[in-house]
Structures are given as structure tokens and as C-alpha cells.
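The values are calculated or read from the model by the stated rules, or taken from the named source; none is laboratory data. Treat the numbers as computed from the prediction; the structure is a model and nothing was measured. When we count neighbours, we look across all protein chains shown, and the Cβ atoms used for this are built from the backbone with ideal geometry, even at glycine.
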Amino acid sequence: MESNLISIKEEELAMLLTDIKNKYGYNFKEYSETSLTRRINRIFIINRIPSYAELHYKVLNDTDFFGNFLEAVTVNVTEMFRDPLFYVALKEKVFPQLATYPFVRIWHAGCSTGEEIYSLAILLKEYGLLHKCLLYATDINQEVLEKAQKGIFPLSAMKTYSENYIKAGGTQQFSDYYTANYGHAKFDTELTKRMVFSSHNLATDQSFNEFNLVVCRNVLIYFKRSLQNTVLGLFRKSLAPLGYLALGSKESIRFSEHDKCFVEIDKKNKIWRMEKDVSEKQ
């Protein structure tokens, strides 16, 4: 059978996820089965793997392959200033409140390769806030975290990123934030000095600090509803009173048990503020 005809069966997927959890500690059982199946079937094609048995063997016995597998099944589609109007909304509706605090903690959960955390840092700098902010960037995948920490992105993407930056309300020359060299753009270390990169699994790990803003965009859509609810609870526990939560364009806290703990700040751009006292709403 040709590799491009291979499709993982339901029982094979269940077995693979169980074995991954037992060996590596990653629990994908609450992820969307449709999304996982689609991405694993693509792995068959790209890697020319002829059978489920070979995939299963390579995942459990080849650590390099498992690293690639992990990157493929965890979604890492991102770009700088993605959805520019979201950043406009942050500047107009969230930054003014953050500016009143002596110190600001921000958590970007599911940061992937880092394009969006650098976008946020740039706008915080232009607003005059970056110097008193600490940005925690986390992801389940250690390899993409290492890429994010380096702050090096393809130079070919800078034209699109510059256009997004302008639409997001950027006020400087975007090219001032990076140095071009050998087809890559390395971003200013002044930005990374305010960042902490760390591995964190939203499905299994606990809250690790109190934050004024939690950003997690286009991650929850790949989780089953039960896991979405668990993660929203994690964010709620991680937010300071009047802290802000920002989700992706297709994500919401509506119909979750945490809905009443938040006030909607921007419906279109999916930004909420946590109530000052949620004890009676829990």
C-alpha cells in the first residue's frame, strides 16, 4: 500500500496516544481526534511511512522522530502581528490599565515559535510599558521554544510582518527591531531580556504565577470541550483580580463554567476582564 493512502484507524490512534502518554508523559487524549487524525495522516505522507506499525515504532524508539512528530501534531501556525486589529484592541482597551501597575506579568500560553510574543513586546515597548513587564512564553514543545528564544525568523517573511505591524498600529520603522543577515532577521535582544521561555503543558500542568494578562490564541480550538474548560479554569486561577484574558478569533469562554467570572471587553477581538471578586461566581 502506498504511504499516501495510509490513514490511522480509531483504535490505532487510541493505542498510540496511550503509549505516548506512558513513555513521554504527553496526554493528547483530550485533543480533537479529527485534528490529530488529519495531522498524523499527513505525517505518513511527508515521511513516506508505509504502515501504522512503523509509525508506532519510530514514535516510541526514535527521539528525533518523536520531536518532529510532536511539532507536527501540536499546531505551530503563527506569524507576527497576526490579526492586526487584535493588537489595536489590546493597545486601546488593555494597555491603559496595565500602565497603572508598577509591575506587569503577562503569560503567552502556546507561544509556538515566538512570532506573537515578539509582536506583543514591540507594541509594549512603543507604549512605554516593556521596561516594567515580564513576559512568560510557554509551549508544550521544547524545540519550538528554543526557536522562539533565539528570536530569528526568515527574512522573506518581514514584508508581510511589516504590513501587519503597520495595521496593528506600529509607530516606528519595523526594520529597526531586527538585524538582517544571511536570509534571516534576528530581533533585538532588548525584547528578549523581558521574556522568560519555559515548557508548559496546558493539559496537565498547574498555574505557576499571577498574571495581569493571559494570551492564548488559536490553541483551544484543537481541544475537546472538557479540556477547553480545564484550561480556562487554569487561566482563571492564574489571573490577578481585573486581569485580562485574550483568546483566538474562533474561541470563547461562553458556555463554559467560567463564563460568569469574566466581563467581555471586546467581543470581536475576544478579550475579557476577570471580575475583581469572583468568589460568589465560582
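Annotations
- Hits in the range 128-146 (condition: surrounded by fewer than 17 Cβ atoms within 10 Å (Cβ to Cβ) and in a helix (DSSP H, G or I)): His131, Lys132, Gln142, Glu143, Glu146
- Here the range 175-198 is the region considered, the condition is being more than 23 Å from the chain's Cα centre (by Cα) and either of a type outside the set (S, T, N, Q) or not assigned by TED's automatic domain parsing to the domain that holds Gly128 (or both), and the residue that is surrounded by the fewest Cβ atoms within 10 Å (Cβ to Cβ) is Tyr182.
- The one condition in (1) under 17 Å from Arg194 (Cβ atoms); (2) in contact with an Asp or Glu (Cβ under 6 Å, 6 or more places away or on another chain); (3) part of a helix (DSSP H, G or I) that Gly67 fails to fulfil: (1)
- Subset of the range 102-127 [outside any helix (DSSP H, G or I) and within 25 Å of Val231 (Cβ to Cβ)]: Val104, Arg105, Ile106, Trp107, His108, Ala109, Gly110, Cys111, Ser112, Thr113, Gly114
- Close pairs (9 angstrom Cβ cut-off, 6 or more residues apart or separate chains): part of a helix (DSSP H, G or I) in the range 154-165, surrounded by fewer than 19 Cβ atoms within 10 Å (Cβ to Cβ) and aliphatic (A, V, I, L, M) anywhere: Leu155/Ala180; Met158/Ala180
- Cβ-Cβ under 8 Å pairs, at least 6 apart or on other chains, the range 108-137 side farther than 18 Å from Glu92 by Cβ, far side surrounded by fewer than 20 Cβ atoms within 10 Å (Cβ to Cβ) and small (Gly, Ala, Ser): Tyr136/Ser198; Ala137/Ser198
- Residue in the range 81-90 that is part of a loop (DSSP other than H, G, I, E, B) and touching a helix residue (DSSP H, G or I) at 6+ places or on another chain (Cβ under 7 Å) present: yes
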